[in-house]
1. Considering each of Arg35, Arg9 in turn, give the residue that is free of Cβ contacts under 8 Å to residues at least 24 places away in the same chain, more than 23 Å from Lys108 (Cα to Cα) and of a type in the set (Lys, Arg).
2. Tell me, please, whether a residue that is closer than 23 Å to Lys108 by Cα, surrounded by 11 or more Cβ atoms within 10 Å (Cβ to Cβ), more than 15 Å from the chain's Cα centre (by Cα) and among the acidic types (Asp, Glu) can be found in the range 66-80.
3. With respect to Trp21, determine if the residue is closer than 27 Å to His146 by Cβ and touching a strand residue (DSSP E or B) at 6+ places or on another chain (Cβ under 8 Å).
4. Find the strands (runs of 3 or more DSSP E) located wholly in the range 91-208 whose residues include 3 or more that are surrounded by 14 or more Cβ atoms within 10 Å (Cβ to Cβ) and at pLDDT 95 or above, and list them.
5. Which is touching a Leu at 6+ places or on another chain (Cβ under 9 Å), free of Cβ contacts under 8 Å to residues at least 12 places away in the same chain and aliphatic (A, V, I, L, M), of Ile117, Ile47?
6. So which pairs qualify, if the first residue must be in the range 171-193 and more than 22 Å from Ile17 (Cβ to Cβ), the second must be loosely packed, with under 14 Cβ neighbours inside 10 Å and among the charged types (D, E, K, R), the Cβ gap must be under 9 Å, and the two must be at least 6 apart or on different chains?
7. What tally of residues in the range 1-46 results from selecting those that are among the aliphatic types (A, V, I, L, M) and assigned to a loop (DSSP other than H, G, I, E, B)?
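The values are calculated or read from the model by the stated rules, or taken from the named source; none is laboratory data. Computed from a predicted model, the values in this text were never measured in an experiment. Neighbour counts are summed over all protein chains in view; Cβ atoms, including those assigned to glycine, are modelled from backbone coordinates with ideal geometry.
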Amino acid sequence: MPGVTHTIRYRDPIEAIQSLWGDPALASHLVYRPRKLFSSCDRQNRIYTELWTGQWWHAVQSRLPYGATVAPVIIASDKTQLTNFSGGKSAYPVYLTIGNIPKALRRKPTKNACILIAYLPVESAKLKGSGLSKVNVKIQTQRLFHEAMRLVLSPLIKAGTNGIQMTGGNGEVRKVHPILACYAADFPEQCLVACTKYGTCPKCRAPA
C-alpha cells in the first residue's frame, strides 16, 4: 500500500538449506534419490511413507540432468499470538527444512532440522488505521503476506532451476536443486497461501 512501510526480518533460504545439507549430525541420514516401496514381491500395492517414496520426487528427478540431486524444500508458517494482556503482540515465523531428512528426525527439536528463516510483518493495526474499509484491509493484509513470501523465497527460483554445488556433512559434493515441495500450514493459512476463500478447499475445486 503506498505510503505504508513494513518490516520483515529474513535470511537467505539457500544458506539455511546448505546448513542442513552440511550438518555432520545429519549426514548419514540424508536420502539423495527417490525410491518405490511395495508391500509384496508382486509389486501390486505401493507404500508411501517418506517424501522420497512419493510420485512428486520421481517426477521432478526425471526432468533434471543425470547426476543432479533434488532437495525438496518444506516451508511452514503460522501467525502466533504472543500476548493477550500487553497489547496483543503477535509474531509470524516462517520455518524451512528439507525432505531429504527423515520425518522422524525433522520433527525432533534436538536435531535442529528446522530452521527459522523469516519473521513476516504483522501490521494489521497499521492497516486498520489507514482509513481503508474492512474488506480492503483484509485484501492488503493478504497481499502483504504474498509479497513478503515472494521476497523470502525468491532465491529458490534460480537455485532450483540451475542447481548449486553443496558439500554434505560427509564431505561429498553434489549438484543440488532446491525446489519447493511442501507447505505445512493449518486450514486458514492454507487458504491464505492458495488465495482461496475461507471455507472452500485450498487443494481442489470442491464448492463451499
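1. Working: Arg9 fails: free of Cβ contacts under 8 Å to residues at least 24 places away in the same chain.
Within the list Arg35, Arg9, the selection yields Arg35.
2. Step one: filter the range 66-80 for residues closer than 23 Å to Lys108 by Cα, giving 70-80.
Filter again for surrounded by 11 or more Cβ atoms within 10 Å (Cβ to Cβ), leaving 70-80.
Cutting the leftovers down to more than 15 Å from the chain's Cα centre (by Cα) gives us 80.
With the extra rule that they be among the acidic types (Asp, Glu), the set shrinks to none.
Looking through the range 66-80, none of the residues is closer than 23 Å to Lys108 by Cα, surrounded by 11 or more Cβ atoms within 10 Å (Cβ to Cβ), more than 15 Å from the chain's Cα centre (by Cα) and among the acidic types (Asp, Glu).
3. On the way: closer than 27 Å to His146 by Cβ: no; touching a strand residue (DSSP E or B) at 6+ places or on another chain (Cβ under 8 Å): yes.
Here the answer is no, as Trp21 does not meet what is asked.
4. On the way: elements: 93-98, 115-119, 164-167, 173-184.
Result: 93-98, 115-119, 173-184.
5. On the way: Ile117 fails: free of Cβ contacts under 8 Å to residues at least 12 places away in the same chain.
Only one candidate qualifies: Ile47.
6. Cβ pairs passing all conditions: Gln190/Lys203; Cys191/Lys197.
7. The first filter runs over the range 1-46 and keeps only residues among the aliphatic types (A, V, I, L, M), leaving 1, 4, 8, 14, 16-17, 20, 25-27, 30-31, 37.
Narrowing the set further to residues that are assigned to a loop (DSSP other than H, G, I, E, B) leaves 1, 4, 8, 25-26, 30-31.
Number satisfying all stated conditions: 7.
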